[in-house]
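The values are calculated or read from the model by the stated rules, or taken from the named source; none is laboratory data. Here the structure is a predicted model, which is why all the values come from computation and not from measurement. We place every Cβ from the backbone using ideal geometry, glycine too, and count neighbours over all the protein chains shown. These accessible areas exclude ligands, DNA and RNA; they are computed on the full protein's heavy atoms, side chains included. Shrake-Rupley method; radii C 1.70, N 1.55, O 1.52, S 1.80 Å.
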Amino acid sequence: MSSQSLTDGFGRQITYLRLSVTDRCDLRCGYCMSENMSFLPKRDLLNLEELEHLSAAFINRGVRKIRISGGEPLVRRDIMKLMGNLSKHLDSGDLDELTLTTNATQLSRYAGELKAMGVGRINISLDTLDDDKFAQLTRRRVLKTVLEGIEAAQNAGLKIKINVVALADFNRDEIPSMIEWAHKEGMDLTLIEVMPLGEVEEDRFDQYLPLTALRDELEQDWTLEPIDKNTGGPARYVRVRETGGVLGFITPLTNNFCAGCNRVRVTCTGQIYMCLGHMDCIDLRTALRGSDPETALNAALDIAMLRKPERHTFDIAGPGAMPAVERHMSVTGG
Ligand code: SF4
């Protein structure tokens, strides 16, 4: 069994796996999913043992951080069993971090258990604090449940980062108050540029808000001091002197971050996508279900490293521009 680290053709070491455990979600955010999504048949999904086996294979090849994502990972019925089993790699020291990205609708139920099994911090996707706007964007009126989930996570002692997709035609004016709210609650907040993945009803050209422009606006009222914070992801961080809190910027379109890429994504059906910005993928499920999964998996991971592209080619050129990638964000989860 090879334990050679995963290094791509550009010399970048891959130490971060983003593992999607379901394509399903209980929300329908307008920039991520269309209203009438058809989801994968459950038989196509990797089962619990296969997700664990796959994770162990990546850990064996030098992955130190696993982020569980979806869709919405906490809607998958056996998710806590998976988290529990993966947390054993934290205990053994083979994994530095096991974390999660969630929309918080299920957090009231699971926050305590996540903390108890060694999850230290989580990312929560939330783009507005306005009840009507939340219902408009997600097509579900459940903001109250989300805020209760956040409170449960805080009470459980989980460190929280709020991820906000900056949308020109939706939450631009609300972003300063969301930052103030998060910092007052002791949470970090990261702003993310919308990414053109998958066809959706809305025009991404209307949604696209360059964070360079937004940062200029914020700096008219606040002092943003760059800080040397690295969470192993693409965000670049500042401290807001006036609030004392940490603010992150994820800028795939205005400030490319691919040179420092350390990650790959695996879908809930076992397809490895070497880059969020490309459709190229390799099937790991067949390898997993074959006669010699270890050898086949390692061979597939070696090929994946050879095929990992240097960078994404995202672009939101103009009104009605086609998505850069056909695949919806919910297939790999950010
Ligand atoms: S877009 Fe692709 S190459 Fe760039 S950071 Fe993301 S996964 Fe890596």
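For the reader, a short list of remarks on this structure follows.
- Whole-number accessible area per residue in Å² for the chain, which is evaluated in the context of all protein chains at 1.4 Å: 41
- A 1.4 Å probe over all protein chains sorts THR269, THR7 by accessible area into THR7, THR269, starting with the largest.
- The helix-only estimate of mean residue ellipticity at 222 nm for the chain, built from DSSP H runs of length n ≥ 4 each weighted as -39500 (n - 2.57), is -8500 deg cm²/dmol after division by the residue total.
- Based on Cα contacts under 8 Å between residues 6+ apart, the chain shows a relative contact order of 22 percent.
- Derived scalar couplings between HN and Hα for the range 308-320 equal 5, x, 5, 6, 7, 10, 4, 7, 10, 5, x, x, x Hz in order, rounded to whole Hz, by the Karplus curve 6.51 cos²θ - 1.76 cosθ + 1.60 (θ = phi - 60°), x for Gly and Pro.
- For a modelled paramagnetic label at ASN230, 7 Å from Cα along Cα-to-Cβ, the residues of the range 80-103 in reach, with backbone nitrogen under 17 Å, are 96-97.
- Calculated FRET efficiency, SER291 to LYS42, Cβ-Cβ distance, R0 = 22 Å: about 0.30 to the nearest 0.05.
- Here the mean projected area of the convex hull built on the C-alpha positions of the range 176-334 is 11.3 nm².
- Contact order relative to length of the range 235-291, as percent, for alpha carbon pairs under 8 angstrom and 6 or more apart: 18
- Sequence-distant residues sharing a close amide H with LYS159 (under 5 Å, placed H): ARG121, ILE122
- At a Cβ-Cβ separation cutoff of 4.7 angstrom, cysteine residues of the chain with no neighbouring cysteine are CYS25, CYS258, CYS261, CYS268, CYS275, CYS281.
- Sulfur and carbon atoms: percent of accessible area, the chain [1.4 Å]: 49
- Charge-dipole axis of the chain as Lys and Arg at +1 and Asp and Glu at -1 on Cβ define it, positive-most pick from PRO196, ILE282, ASN256: ILE282
- Simple label model, 7 Å out from Cα along Cβ direction - ALA299 to SER34, nm: 3.8
- Projected-area mean, the range 1-124, by convex hull of Cα positions, square nanometres: 9.0
- Translational diffusion of the range 209-268, µm² s⁻¹ [Kirkwood Rh, Cα pairs; Stokes-Einstein; 37 °C; 0.692 mPa s]: 253
- Percent of C-alpha pairs per 20 Å bin in the chain, short distances first: 32, 61, 7, 0.
- 3J(HN,Hα) from dihedral phi, the range 195-205, Karplus parametrisation 6.51/-1.76/1.60, rounded to Hz, x for glycine, proline: 10, x, 10, x, 7, 10, 5, 6, 8, 5, 5
- Difference of contour (0.36 nm per residue) and Cα-Cα distance, GLU326 to ASP130: 67.5 nm
- In sequence order, the range 258-265 has phi-based couplings of 5, 4, x, 4, 10, 9, 9, 10 Hz under the Karplus curve 6.51 cos²θ - 1.76 cosθ + 1.60, θ = phi - 60°, and Gly or Pro positions carry x.
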